[in-house]
1. Among what's in the stretch B:6-27 and is under 30 Å from B:LYS239 (Cβ atoms) and within 8 Å of ligand 1 (Cβ to nearest atom), pick the residue that is surrounded by the most Cβ atoms within 10 Å (Cβ to Cβ).
2. Quick one: in the stretch B:50-74, which of the residues that are touching a Gly at 6+ places or on another chain (Cβ under 9 Å) and more than 8 Å from every other protein chain (Cβ to nearest Cβ) is farthest from ligand 2 (Cβ to nearest atom)?
3. Has the stretch B:154-165 got any residue that is modelled with pLDDT under 90 and within 16 Å of ligand 2 (Cβ to nearest atom)?
4. What tally of residues in the stretch B:97-132 results from selecting those that are closer than 18 Å to B:ASN143 by Cβ and either surrounded by 20 or more Cβ atoms within 10 Å (Cβ to Cβ) or without any contact (Cβ under 8 Å) to a residue 40 or more places away in the chain (or both)?
5. Examine the stretch B:231-247 for a residue that is closer than 26 Å to B:MET160 by Cα and surrounded by 15 or more Cβ atoms within 10 Å (Cβ to Cβ), and state whether such a residue exists.
6. Of all residues in the stretch B:162-180, how many are within 11 Å of chain A (Cβ to nearest Cβ) and either within 16 Å of ligand 1 (Cβ to nearest atom) or open to solvent by less than 10 Å² (accessible area, probe 1.4 Å) (or both)?
7. Return a yes/no flag: does the stretch B:145-154 have any residue that is in a strand (DSSP E or B) and either more than 16 Å from ligand 1 (Cβ to nearest atom) or within 14 Å of chain A (Cβ to nearest Cβ) (or both).
8. Quickly run through the stretch B:75-95 and pick out the residues that are at the interface with chain A (Cβ under 9 Å from one of its Cβ atoms), modelled with pLDDT of 95 or more and in a strand (DSSP E or B).
Amino acid sequence: MATNAEIEQQIAGNEYKAGFISDIESETLAAGLTEDTVRFISAKKGEPEWMTEWRLKAFRQWLEMETPEWAHVNFPKIDYQEISYYSAPKSMEDGPQSLDEVDPELLAVYDKLGIPLHEQMALAGIAVDAVFDSVSVATTFRDKLEEAGVIFMPISEAVHKHPELIKKYIGSVVPVRDNYFAALNCAVFSDGSFVYIPKGVRCPMELSTYFRINEAKTGQFERTLIIADEGSHVSYLEGCTAPMRDENQLHAAVVELVALDDAEIKYSTVQNWYPGDKEGKGGIYNFVTKRAIAHTNAKVSWTQVETGSAVTWKYPSCILKGDNSIGEFYSVALTNNFQQADTGTKMIHLGKNTKSTIISKGISAGKSSNAYRGLVRMNPGAEGARNYTQCDSLLLGDKCAAHTFPYIESKHPTAVIEHEATTSTVSDDQLFLCQQRGIDTEKAVSMIVNGFCKEVFKELPMEFAVEAGKLLEISLEGSVG
Amino acid sequence: MIEIKNLQAKVEDKDILKGLNLNIGPGEVHAIMGPNGAGKSTLGNVLAGRPNYEVTGGSATLNGKNILDLDPEERAREGLFLAFQYPVEIPGVSNLEFLKASVDSVREQQGKKALDSVQFLKLAREKCKAVNLDASFLKRGVNEGFSGGEKKRNELMQMMMLEPTLCILDETDSGLDIDALQVVAEGVNAMRDENRSFIVVTHYQRLLDYIVPDFVHVLANGKIVKSGGKELALELEEKGYGWLENENGAA
Ligand SMILES: Nc1ncnc2c1ncn2[C@@H]1O[C@H](COP(=O)(O)OP(=O)(O)OP(=O)(O)O)[C@@H](O)[C@H]1O
Ligand SMILES: [Mg+2]
């Protein structure tokens with residue numbers, strides 16, 4: 001019988017495919033967070049004094065802040081002294097100079113995840129920076145990028161090699177005090193990616209980072225900074241996974257994008273952190289601050305496919321500072337079992353004729369809760385600005401929930417804001433039609449869900465659109481048999 | 001082909017089919033007529049395995065195989081096709097994608113070779129033409145925003161693609177304009193062959209002028225109450241159903 005009850009059953013049988021634990025020797029800092037922890041991390045990276053000071057300042061500010069409670073999510077209070085703030089695979093001590101030097105076990109881990117790190121990536125023409133727990137392990141294609149003048153390296157390395165860029169831009173889009181998790185990240189971030197595209201350069205390939213949390217009881221605090229200089233263009237993709245653990249793990253990342261005049265940044269995320277088991281045990285707490293600033297005529301586009309994490313708190317945003325700048329947000333957020341997601345975007349229109357588009361697709365299954373939270377603000381200078389928001393929810397089964405919290409503030413009379421929202425379900429009749437045509441329920445649900453997400457998937461780089469479709473399928477379906 | 005014996009079924013605790021018998025041989029076309037609410041659609045749904053339609057007695061075998069224990073998709077792969085009285089919409093899933101998944105799965109089960117995309121598209125366009133639907137309908141969501149008549153023709157198009165052995169058409173003629181009615185009838189007639197059988201549910205004798213049935217049955221109150229040749233349809237048109245109920249009650 002193909003009822004919604006059956007889908008629920010199938011959904012409930014979902015297995016997390018990335019959930020293996022790798023047996024790699026690693027060096028992990030004892031749990032706890034004090035100024036000494038911050039100094040330790042900074043020293044571990046051999047950071048210059050200014051960076052250590054910046055971290056310490058952030059730490060002191062963080063101590064005075066409180067966990068935000070406005071999001072539509074529930075989780076037990078996090079004990080920040082229980083978490084380890086640094087973990088590096090041991091073989092990384094001296095740092096690999098090329099892919100050949102990377103621990104083969106580590107590469108095997110990526111293989112298991114289906115991340116085609118070397119050959120396949122070469123074919124796809126993608127440069128990859130892989131962050132395993134807290135450090136960058138391999139950055140491919142550096143030579144080819146260097147030729148084009150593109151800088152793509154771990155941020156820890158950029159601190160040494162390009163201090164002027166780091167000093168100028170770190171914390172410029174997401175200020176240290178922005179929010180609790182951002183401040184925490186500033187204090188203890190361990191690594192992440194740094195990208196700089198010079199004036200007028202079109203980055204010759206997709207840039208890509210994979211994040212993975214492997215160690216138990218570690219937090220991951222990566223930090224990404226992308227600067228697209230005037231008239232340049234870059235497309236960047238990040239993917240995330242984590243092994244299955246009983247306890248919850250914390251992930252608090254900060255991503256800052258700077259699109260200078262006439263530049264374009266396309267940032268895509270496929271997030272598949274461990275969501276916890278069927279009873280809601282374990283899973284990643286994903287508290288991420290992502291923000292972009294777009295200068296005159298610049299364009300920033302966020303595309304995200306969020307299927308993982310026990311709790312997601314994430315609002316990739318655009319500050320449309322320059323006249324005619326454009327911000328886009330395309331999102332698919334899928335929650336199952338006991339997952340909770342509160343995600344959306346903020347579009348802050350400062351410049352004249354700025355434009356933003358928000359397309360959000362929320363899919364809730366099991367007993368999960370999925371909230372869209374979006375802010376569109378037209379500031380007094382935003383003459384002729386426009387926003388279009390479309391916010392669709394799809395419910396699978398009747399134990400899940402979808403919420404929409406749109407906030408609109410318009411301080412300019414010529415600004416135009418449009419908002420559309422729909423909620424739909426997969427009906428038994430639709431499923432029966434599929435079955436009557438020989439299509440089993442699993443395939444039917446995946447077809448319907450993929451159809452629902454089409455507008456967002458088409459924004460992803462081709463090869464990842466396929467991956468995203470599969471990911472939804474995996475997240476929704478039990479292993480057959 | 002299909003043998004239905006003493007079939008009883010209920011929906012939401014209400015008995016609808018109350019001991020229905022029907023035998024259909026290969027290559028035969030059987031028309032089923034009968035008053036509203038008699039259980040005609042229920043029969044189609046029960047045979048196709050719709051959830052919430054509970055079989056409480058009797059049997060149905062397709063080519064010697066008991067189908068009542070199979071999942072709906074398995075029945076479809078065995079060659080059972082139901083053209084719905086009220087086709088539902090599946091927004092966002094293109095007709096083409098839907099058809100491909102459907103044809104792939106049915107062909108696989110039947111041990112036929114999978115069609116490659118080019119062959120498939122060619123075939124789909126051909127069938128669209130046969131039911132007078134523009135090929136652009138392949139790109140639209142399944143039944144999404146289709147008119148009543150377009151939905152019915154889309155059902156027929158799917159039937160042509162799947163080449164089933166038992167076709168159940170539930171009022172495929174209602175809501176069709178006169179030209180479309182002819183198109184549908186021609187489509188069905190073109191598919192008639194010695195290995196394929198049809199159950200055609202209709203309220204109108206007119207359809208049976210185009211699709212000439214081998215047998216006509218009257219379904220009333222959950223049972224077949226009268227069977228005859230195609231002339232029975234004419235008689236029904238003239239007299240309605242009242243006389244049958246009396247006849248039946250007396251029997
Ligand atoms: N899901 C359901 N829930 C409740 N009652 C139902 C359901 N499906 C069918 N019925 C009832 O079963 C009876 C038979 O319905 P069915 O649709 O089979 O009639 P029909 O012969 O096809 O009628 P029509 O000529 O109007 O299409 C009706 O009284 C109908 O209301
Ligand atoms: Mg009916």
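1. So the residue we want is B:ILE16.
2. B:ASN63
3. Restricting attention to the stretch B:154-165, the residues satisfying the condition of being modelled with pLDDT under 90 are none.
No - not one qualifying residue is present in the stretch B:154-165.
4. 11
5. No, because not a single residue in the stretch B:231-247 is closer than 26 Å to B:MET160 by Cα and surrounded by 15 or more Cβ atoms within 10 Å (Cβ to Cβ).
6. Final tally of qualifying residues: 2.
7. The answer is no; no qualifying residue exists.
8. B:LEU80, B:PHE81, B:LEU82
The values are calculated or read from the model by the stated rules, or taken from the named source; none is laboratory data. Being a predicted model, the structure only gives us computed values, none of them experimental. Methodologically, a virtual Cβ is constructed for each residue, glycine included, from the backbone with ideal geometry; neighbour enumeration extends over all protein chains shown. The area values use the complete protein model at the heavy-atom level, side chains included, leaving out ligands, DNA and RNA. Shrake-Rupley method; radii C 1.70, N 1.55, O 1.52, S 1.80 Å.
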